[in-house]
Amino acid sequence: MLTLIRRIRARRGNSFSLVEVVLALGVISFALVAILGVFPIGLAANRTSISDTRAAQLVNAVVATIDAQCATFDNVQCFGLPPLDLASLTTTDAPKMLYAGYPSTNQPSIGSTQDADSIYTIELRFDNDPAIAPEPAPNGTHLGPGKLNQIKIRLLGKSRAAGFLDFSYLARKKN
C-alpha cells in the first residue's frame, strides 16, 4: 500500500497544473488569432491576381482578333462591333466599347452589348498615324495614315473602386 501512495505522489509531480494548462491555451489562442489575421490579406491578393490575369486574357483576345485581320485595315471584325476601318479611326473618334463577363469560370464572353454577366468594360481608342520616333519637331516622325494604328485599350472593372488598367498595342498593315 505504501508503494502505491509513493507512485501516486510521483505521478503528481510529472503532471501539468491547471494554471500551466490555461497559460498554454492563452499562448496558442494568441498565435491562432495572429495567423487568422493574415487570411484577409491573402484573399485580397488572390482576388487581385485573378482580376489581373483576367484582364491580360481579355486584352490578349481583343489584340489577337484585331492582329489576325490586319492584312487590310478597312474591315476588321471585332466581337460584334461594326466593321472597324483602322486607316480612318483617329484620336478624336468616340471610343469603341466592348463588354466582357465570365459565365463559366475559365472562358470569357466578349461582346458589343452589355448584359447581366458583364464584369468588365473594354474601351478601345485608335490613332491611325502615331509618332514612331521623337524628333525636335513637336509631332515626331510619322509613317502616314493607314500604315500603323496605335490602339489604346482601357479595361474597367464593374465598379469604379476596382480601378482600371491601360494597355497599348501597335497594329501594322501587313500588306
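The values are calculated or read from the model by the stated rules, or taken from the named source; none is laboratory data. Just so you know, these numbers come straight off a predicted model, no measurement behind them. All Cβ positions, glycine included, derive from the backbone under ideal geometry; neighbour counts span all protein chains shown.
Just a few scattered comments:
- Among the candidates Ile66, Ile122, Ile110, residue that is more than 15 Å from the chain's Cα centre (by Cα) and touching a residue at least 60 places away in the same chain (Cβ under 8 Å): Ile66
- Wholly within the stretch 1-82, helices (runs of 4 or more DSSP H) carrying at least 2 residues that are of a type outside the set (A, V, I, L, M) and modelled with pLDDT of 80 or more: 18-36, 39-67
- Contacts under 8 angstrom Cβ, first residue in the stretch 69-80 being over 11 Å from Ala171 (Cα atoms), partner basic (Lys, Arg) and surrounded by 17 or more Cβ atoms within 10 Å (Cβ to Cβ), 6 or more apart: Cys78/Lys96
- Condition broken by Arg54, with the remaining ones in (1) without any contact (Cβ under 8 Å) to a residue 12 or more places away in the chain; (2) farther than 25 Å from Leu148 by Cβ satisfied: (1)
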